[in-house]
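The values are calculated or read from the model by the stated rules, or taken from the named source; none is laboratory data. What you are looking at is a predicted structure, and each value in this text was computed from that prediction instead of being measured. Cβ coordinates were reconstructed from backbone atoms using ideal geometry, including for glycine residues, and neighbour counts include every protein chain displayed. Side chains included, ligands, DNA and RNA excluded: accessible areas come from the protein's heavy atoms. Shrake-Rupley method; radii C 1.70, N 1.55, O 1.52, S 1.80 Å.
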Amino acid sequence: MSSATMSTTNSTTSIMAAPATPSTVGEELKRSPAIIAAVDQILAEVRTRTASITGDRPANPGKKESYEALMKRAADVRGRPLLYPYVGSGAGNGALVELADGSVKWDMICGIGVHFFGHSDTENIRESLLGSIDDTVKHGNLQANFEPHAFSEVLLNEAKKNSRLKYAYLSTGGAMANENALKVCYQKHAPANRVIAFRDCFMGRSITMCQIGDTSEYRQGVPLSTLVDYMPFWDAVEAARIGKAKFIDNAVAQLNEYITRYPGQHACFIFELCQGEGGFNIGDRDFFVALMEVCRKNKIAIWDDEIQTFGRTNRMFAYDLFDLGQYVDVFCVGKMTQACATLYTEEYNPKAGLLSGTFTGETSTFRVGQRIVERLRDGNFYGDSGLFAKHHAAFREQVKALAARHPDWFPAVPSLGGSGDALAGGMGGMMRFTPFGGAKDKITKASKAIFEEGAIVFYCGHGPYHVRMLPPLPVMKMEDWPRVFACIERGMARVV
Ligand SMILES: Cc1ncc(COP(=O)(O)O)c(C=O)c1O
């Protein structure tokens, strides 16, 4: 605004109605009727074309050679074959995804929890298209339009309802969100240089996160520089065996032992309240409260990694499942939100310069991420009788029926508490079941055979292993479950 205009405006505001806010070219572009009509036309075309995807189907034989050539090109650039022979065609319909060989599969893993609203979702595509007209593809920390801040605002508005989390710093991946969380904890509690983590946890693949994560294969050859003390995770079977109070007392004693051994040296305790990679193990409020109280007393940051759990349990935030929001100092989210974020309280707001980086993400990512949080907020998804709990019950019914048809596929697993209901677990959109006694080789073979039979699943756990599903619950229909399990049954039959 020129100084002449400014002074005119200032001198007249007291006697005239405020003038209409002038538009920028950017604002005009975003509400341009021509662009909105073009977007609507694209979405109508996507809807029409993808409506023909209505169920799983085998590959088109005419595509066999070209698909194999794609697989080979992918293997040549990666230096190893793809784990699953998966190359998407770019189209799908809800829980169904079309591959480049023309086959259609039930996507029950969704990029390990990324595509929670399924495939060819036109609300997401709309936001993505509108995001694509921006002047740049990426936003940075130095120069950004407003979309990254709008995304943070929507996320924080939800987080603030039941926690003290106040600020957000964005990143492009979960491991980086965790790296930032760890820096925040280290700075606040400097010079403390140790971390406490749960057995079987997973935190991503950066040099530090693979050292904290409790899987030795993921850090082969990586020099160890991070000092980690491991705690047992909640184990309902063991707690029932020795008594809940005793189980919790033992854990508190172990935590106190670490604190006594390394006084003032722990910067944080990382809580994954429902373990993902570790086996979809669901925690317990009393257990967490006992440990968090010890952290409070000893000035150890409570860091909640919800990169896998966010949005998909029976509450938007897993800390709300256990009513723990007031304990959380630092929090991470990613995967289904598309953009990743580290949230922290006023107390943990780091000094300038600790967190930065060239990119924060793309307009399309932020617009889609914002819409996803709004849809989660506004849908009937949560609560003990919400849609996700209903889907989870339908999943368990399917496992029960499968086990009744094939009892020999489901031998008892003592560490899970036996057989029957014990062999289906998780919560909401984190679903696991445990055939073949939890044997890794059979479960990985079954996952591959199930893929060939028309459904994409994965595995989790560190023994027992489980078949793992992260389905796109908001777009799944109850009548999809028997169709998904028909593929699972055919796949499992091939490995027994
Ligand atoms: C709990 C948890 N933390 C961190 C990560 C790492 O996220 P990313 O793979 O986006 O780096 C994951 C990914 O699976 C996760 O499940």
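Collect residues whose amide H, placed 1.01 Å from N in the peptide plane, falls under 5 Å from the amide H of residue 166; neighbours closer than 5 in sequence don't count.
The answer is 344, 345, 346.
For residue 63, give me every one of the aspartates and glutamates with a C-alpha distance below 14 angstrom, ignoring sequence neighbours fewer than eight places off in its own chain.
Partners found: 98, 101.
Pull out a ≥ b ≥ c, the square roots of the eigenvalues of the alpha-carbon gyration tensor of region 232-274, then state rounded if a/c is under 1.5, prolate if not and a/b is larger than b/c, and oblate in the remaining case.
Oblate, since a/c reaches 1.5 and b/c is not below a/b.
Once Rh for the chain is found with the Kirkwood sum over Cα pairs, what is the Stokes-Einstein diffusion coefficient at 25 °C and 0.890 mPa s, in µm²/s?
100 µm²/s
Please compute the length gained on full extension between residue 136 and residue 227, using 0.36 nm multiplied by the number of residues separating them and subtracting their Cα-Cα distance.
28.7 nm
Take 165, 387 and sort them by solvent-accessible surface of the protein heavy atoms, 1.4 Å probe, largest at the top.
387, 165
Please list 67, 459 in order of solvent-accessible area, largest first, computed with a 1.4 Å probe with all protein chains present.
So the residues, ranked largest to smallest area, are 459, 67.
Enter the accessible area of residue 327 (Å², nearest 10), with the probe set to 1.4 Å and all protein chains included.
Accessible area, nearest 10 Å²: 40 Å².
Checking the cross-link filter: which aspartates and glutamates have an alpha carbon closer than 20 Å to that of residue 105, excluding same-chain neighbours under 8 positions apart?
Residue 105 reaches 56, 65, 68, 121, 452, 453, 479, 480, 489.
Need the full-extension length gain, residue 218 to residue 20, defined as separation in residues times 0.36 nm minus the C-alpha distance. One decimal, nm.
Length difference between fully extended and current span is 65.5 nm.
Find the centroid of the Cα atoms in region 176-193 and in region 360-423, then give the distance between the two in whole Å.
Cα centres, region 176-193 to region 360-423: 32 Å.
Which translational diffusion coefficient, to the nearest whole µm²/s, is obtained for region 378-496 from the Stokes-Einstein equation, given a Kirkwood hydrodynamic radius over C-alpha pairs, 10 °C and 1.306 mPa s?
The diffusion coefficient I find is 111 µm²/s.
Keeping all protein chains in position, work out how much accessible area residue 477 exposes to a 1.4 Å probe, and write it in Å² to the nearest 10.
The accessible area of residue 477 comes to roughly 110 Å².
Using a cut-off of 13 Å between beta-carbons, work out the net charge of the residues near residue 133 (Lys and Arg +1, Asp and Glu -1, residue 133 not included).
After counting each charged neighbour, the total is -3.
Out of the DSSP beta bridges found with both residues in the chain, what percent are antiparallel (nearest 5)?
65 percent
Lysine pairs in region 176-316 8 or more apart or on different chains: how many have alpha carbons under 30 angstrom apart?
Close lysine pairs under the 30 Å cut-off: 8.
Provide the FRET efficiency to the nearest 0.05 for the residue 354-residue 237 pair, computing r from the beta carbons and using R0 = 56 Å.
Rounded to the nearest 0.05, the efficiency is 0.85.
How big is the gap, in Å, between the Cα center of region 426-446 and the Cα center of region 477-496?
Between the Cα centre of region 426-446 and that of region 477-496, the gap is 13 Å.
Work out the P(r) tail for region 438-496: percent of alpha carbon pairs separated by more than 17 Å, whole number.
38 percent
Describe numerically, in nm with one decimal, the distance between label points set 7 Å from Cα along Cα→Cβ at residue 326 and at residue 145.
Distance between label points: 4.2 nm.
Modelled label-to-label distance, residue 31 and residue 64, 7 Å Cα→beta-carbon offset: nm?
Going by the 7 Å Cα→Cβ label model, 5.8 nm.
What is the distance, in nm, between label points placed 7 Å from the Cα along the Cα-to-Cβ direction at residue 254 and at residue 73?
Using points 7 Å along Cα→Cβ, the separation is 5.0 nm.
Have a look at 193, 171, 149 and report the one farthest towards the positive end of the charge dipole of region 87-229, computed about the Cα centre with Cβ charges (Lys/Arg +1, Asp/Glu -1).
193
What is the Å³ per residue value for the convex hull set by the Cα atoms of region 166-295?
124 Å³
Taking Cα centroids, how far is region 309-357 from region 19-37 in Å?
If you average the Cα positions of each part, the centres end up 34 Å apart.
With the other protein chains left in place, how much accessible area per residue, in square angstrom, belongs to the chain at a 1.4 angstrom probe?
Dividing the accessible area of the chain by its residue count gives 46 Å².
Mind scanning 64/477; 138/335; 335/477 and naming the pairs with a C-alpha gap bigger than 20 Å?
Correct reply: 64/477; 335/477.
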